[in-house]
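One structure below.
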Amino acid sequence: MTDTTKLIQEHRSIRKFKDKSIDNEILQNLFLSAQSASSSHNVQAYSIILVKDQEKKDSISKLAGEQEWIKKCPVFLMFCADLYKMKTACEMNNAPYALDGIENLIVGIVDTALVAQTFLISAESYGLGGVFIGGIRNDTAKVSEILQLPEYVIPVAGMALGYPDENPWKKPRQPLDIVVHEDTYKIDKIVPGLTEYDRITSEYYFKRTDGDKDKGWTQLMTEYLADERRLHLKQFIIEKGIKII
């Protein structure tokens, strides 16, 4: 195991932070590291909003479901899929642009996810910790308004960042047998693998909660997938200028 793989495999989501600011020089280096993430066709279809203003953090926390760590973290970041720069590049060259198809939206979202994960790994190498915030998509229109995001810019995920003031348990991941398939997808491995994963996760939650919770992964997913969520997102994306044809 290398230092890098050890760092990655020790990842935990951090929601409680010390009252300690992050040096601006460190942040700038993290942004530079994040920019080294892979990017499809080098379009770099992402932007990062660094949010330090407490009023904005408070507002975003409320929209995201009253997640207190957004309010209390030293730095909050918003990772956005940014097709506005792609549109602008075409306009600067007096050329038409095709940004209504699903492909460029996927490119933007994938680019954004790669940058966000690279940023977090880089931050952890400095002893920082963080947690991704999907709750920012509860009301993307208001989040967009707070951060003054222009057309063609879609908020994908937030991140609360700071120096950890907790040491949470590491969640077990799925067995590699049902994650990594050689040559073809091995359907026959899925049920046995998930059954074993249910046993592992049930035991994990039972120990972590002193017996208050013992549901396995498949039961948790059954509850999570019972209803469609955030159905407003399609209309929001369309209103941002991406027609999704």
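Which of the residues belonging to segment 204-217 are surrounded by 14 or more Cβ atoms within 10 Å (Cβ to Cβ) and of a type in the set (Ser, Thr, Tyr)?
Correct list: TYR204, TYR205.
Please determine, by comparing only the residues of segment 60-70 that are closer than 15 Å to GLU145 by Cα and in contact with a Lys or Arg (Cβ under 8 Å, 6 or more places away or on another chain), which one is surrounded by the most Cβ atoms within 10 Å (Cβ to Cβ).
Applying the filter and picking the extreme gives SER61.
Which residues, taken from segment 1-22, are within 24 Å of GLN67 (Cα to Cα) and free of Cβ contacts under 8 Å to residues at least 60 places away in the same chain?
ASP19, SER21
Rundown of residues vs (1) at pLDDT below 95; (2) in the same structural domain as GLY65 (by TED's automatic domain parsing); (3) on the phi > 0 side of the Ramachandran plot; (4) in contact with a strand residue (DSSP E or B) (Cβ under 9 Å, 6 or more places away or on another chain), yes/no style:
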{"residue": "LEU105", "(1), (2), (3), (4)": "no, yes, no, yes"}
{"residue": "ASP111", "(1), (2), (3), (4)": "no, yes, no, yes"}
{"residue": "SER125", "(1), (2), (3), (4)": "no, yes, no, no"}
{"residue": "ILE136", "(1), (2), (3), (4)": "no, yes, no, yes"}
{"residue": "VAL143", "(1), (2), (3), (4)": "no, yes, no, yes"}
{"residue": "LEU149", "(1), (2), (3), (4)": "no, yes, no, yes"}
{"residue": "TYR152", "(1), (2), (3), (4)": "no, yes, yes, yes"}
{"residue": "PRO155", "(1), (2), (3), (4)": "no, yes, no, yes"}
{"residue": "GLY158", "(1), (2), (3), (4)": "no, yes, no, yes"}
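When you look at ASP165, is it among the acidic types (Asp, Glu) and in contact with a strand residue (DSSP E or B) (Cβ under 8 Å, 6 or more places away or on another chain), yes or no?
When the stated conditions are applied, ASP165 passes them.
Of all residues in segment 1-45, how many are over 19 Å from MET78 (Cβ atoms), surrounded by 15 or more Cβ atoms within 10 Å (Cβ to Cβ) and in contact with a Pro (Cβ under 8 Å, 6 or more places away or on another chain)?
2
GLN174: over 25 Å from ILE245 (Cα atoms), part of a helix (DSSP H, G or I) and modelled with pLDDT of 95 or more, yes or no?
So GLN174 does not fit the description; no.
Being buried (at least 20 other Cβ atoms within 10 Å of the Cβ), modelled with pLDDT of 95 or more, assigned by TED's automatic domain parsing to the domain that holds VAL131 and in contact with a Pro (Cβ under 9 Å, 6 or more places away or on another chain) is true for just one of CYS90, CYS73, CYS80. Which residue is that?
After applying the criteria, what remains is CYS80.
Just to confirm my filter: which helices (runs of 4 or more DSSP H) fall fully inside segment 177-245 and include at least 1 residues that are farther than 30 Å from LYS142 by Cβ and without any contact (Cβ under 8 Å) to a residue 12 or more places away in the chain?
190-208, 217-224
For ILE26, are the conditions met, namely being hydrophobic (A, V, I, L, M, F, W, C), in a helix (DSSP H, G or I), touching a residue at least 60 places away in the same chain (Cβ under 8 Å) and out of contact with any Ser or Thr (no Cβ under 9 Å at 6 or more places or on another chain)?
So ILE26 fits the description; yes.
The values are calculated or read from the model by the stated rules, or taken from the named source; none is laboratory data. Computed from a predicted model, the values in this text were never measured in an experiment. Virtual Cβ from ideal backbone geometry, glycine too; neighbours counted across all protein chains shown.
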